[in-house]
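Notes to accompany the following structure.
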Amino acid sequence: MRQLNRAMTVPLNQERRRSQRVKIDLTGRYMLADRREFSCRTLDMSPGGVSLIAPA
């Protein structure tokens, strides 16, 4: 069992994403299902998604 766990563990610094991410710095807005909107800032994007931050 120890070998199986070791094989499944990926180092934190190893990239596991399928697509390369591109760093960007854009302001924007996002909307929840209930139609409330919030400000945000994008950090990076890829063909598969976007990483953003928003105030709590």
* Asked: Take the residues of segment 1-30 that are more than 17 Å from the chain's Cα centre (by Cα) and not in a helix (DSSP H, G or I): which is modelled with the highest pLDDT?
  -> P11
* To do: Report yes if R35 is modelled with pLDDT of 75 or more and in a loop (DSSP other than H, G, I, E, B), otherwise no.
  => yes
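The values are calculated or read from the model by the stated rules, or taken from the named source; none is laboratory data. All figures in this text were calculated on a predicted structure; none of them were measured in a lab.
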